[in-house]
Amino acid sequence: MIRAAMVGAGAIAAHSHVPALRAHRDRVELVAVADVDEARAKALAGGAAAYTDLGKLLDAERPDLVIVCTPPYLHVEQAIAALSAGAWVWCEKPAALSLAEFDRMAAAEGAGGPYLSVVYQQRFGSGAEHLRALGGAPGRPLGRPLLALCQTTWHRGDDYYAVPYRGKWATEGGGTTVLHGVHQMDLMLSVFGDWAEIRAMAGRLDRPIETEDVSLAMVRFDNGAMGSVVTSVLSPRQESYLRFDFADATVELRHLYGYRNADWSSTSPLWSPPEDVPSTHATQLGLLLDAYERGERPPASGADARRAMEFVTGLYASAFTGRPVLRAEITPDSPFCHRLDGGIETFFTAARS
């Protein structure tokens with residue numbers, strides 16, 4: 001039985017991670033929860049141990065897996081502490097406030113584990129797995145990849161940003177691009193592969209925050225395909241939408257926070273996912289547990305997890321500088337590698353009436 005601990009006992013832990021653990025109760029057991037609010041930690045823990053300090057939890061419980069569900073600015077030190085204690089880490093997105101922070105976390109992994117994996121559950125539903133099988137080389141039954149549309153048009157009101165750490169560069173790293181859109185971006189990248197160039201705009205149009213509430217980008221991929229990416233928290237009709245145009249077929253996905261096979265459609269007669277697996281935390285957790293039991297690197301870790309963070313870094317760099325950004329420019333020397341705003345902090349802001 002794999003012994004899991006959780007740090008952070010807020011909504012994402014209660015609504016997504018606890019059900020995921022219950023779905024795999026035959027393989028994993030929640031042994032402890034840490035939260036600065038002791039009452040909240042005890043409430044989430046049920047019969048498990050409750051702590052107000054992660055270090056004390058790690059010393060006393062020696063968990064095999066630590067699930068990080070705290071605000072983004074706490075992730076880097078908590079993940080490194082857990083990895084240093086020999087535990088695997090499954091970290092909510094954004095895993096870090098910057099690409100440099102993510103690299104620090106990844107550097108704390110061991111040569112053969114423990115490993116850090118990021119919560120990118122949208123790429124693990126059966127529809128996405130089927131698309132990668134049909135759309136990837138060799139063979140490419142759908143033909144050459146040509147165009148991707150990636151849209152995360154959600155709605156978050158002022159009450160959402162009333163939480164003290166939200167909407168601030170210092171505590172969230174960025175705005176809706178890295179917090180919300182990154183899920184669909186990660187899925188897009190898992191299908192079309194690495195990006196080569198990005199041209200973007202971002203702005204704070206309506207919400208009373210420091211960070212952006214909308215961003216748009218045009219992308220060129222390494223394989224020559226092109227894409228359009230739109231992210232917003234200003235959209236009353238919410239939708240997550242992905243469209244992949246290949247030379248011989250179009251594949252589309254319409255959903256909000258998760259999908260099943262019925263949410264996909266395609267012009268290809270080959271489109272027929274062999275099973276119906278939802279894009280949930282439980283699905284990704286199952287794959288992580290499989291990797292743990294085999295002693296192998298889990299999906300959405302290492303370079304596989306870095307790709308989406310690198311992409312949003314390039315998007316912010318283009319939005320703040322007002323020029324195209326090449327992937328080759330995102331190096332440790334770039335200020336955007338260390339802060340998603342590059343230390344510039346200001347961009348286009350519309351007057352709020």
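FYI, it's all coordinate maths here, none of it is from the lab. Here the structure is a predicted model, which means the values were calculated and not measured. Heads up, the Cβs are rebuilt from the backbone with ideal geometry, glycines too, and the neighbour counts pull from every protein chain shown.
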Going Cα to Cα from K56, which lysines come in below 21 Å? Please leave out same-chain ones fewer than 8 positions away. K42
Most positive-pole-ward Cα, S240, L253, W271, against dipole of region 228-273 from beta carbon charges: S240
Which lysines have a Cα less than 23 Å from the Cα of K168, not counting those fewer than 8 places away in the same chain? K93
DSSP loop (so not H, G, I, E, B), at most 14 other Cβ within 10 Å: list which trypsin sites (Lys or Arg not before Pro) in region 261-331 pass both filters. none
Which loop-located chymotrypsin sites (Phe, Trp or Tyr not before Pro) does region 158-257 contain, where loop means any DSSP state but H, G, I, E or B and the Cβ has at most 12 other Cβ atoms within 10 Å? none
Net charge dipole size for region 154-199 [Lys, Arg +1 and Asp, Glu -1 on Cβ; Debye, nearest 20]: 120
Answer in debye to the nearest 20: the dipole magnitude of region 226-338 about its Cα centre, from +1 Lys/Arg and -1 Asp/Glu charges placed on Cβ, is 340
Per-pair calculated FRET efficiency, R0 = 25 Å: A170 and R254 via Cβ, rounded to 0.05: 0.10
Which is farthest toward the positive dipole end of the chain among H15, W154, A100, measuring Cα position about the Cα centre, with Cβ charges +1 (Lys, Arg) and -1 (Asp, Glu)? W154
Tell me the relative contact order for the chain as a rounded percent, counting alpha carbon contacts under 8 Å between residues six or more apart. 18
Quick one: putting +1 on the C-beta of Lys and Arg, -1 on the C-beta of Asp and Glu, what dipole do you get for the chain around its Cα centre, in Debye to the nearest 20? 440
Grab the beta carbon distance between Y160 and L205, set R0 = 22 Å, and tell me the FRET efficiency rounded to 0.05. 0.90
Quick one: if the Förster radius is 41 Å, what FRET efficiency do M1 and I344 give, using the C-beta to C-beta distance and rounding to 0.05? 0.25
Return the calculated 222 nm mean residue ellipticity for the chain, to the nearest 500 deg cm²/dmol, obtained by summing -39500 (n - 2.57) across DSSP H runs with n ≥ 4 and dividing by the residue count. -8500 deg cm²/dmol
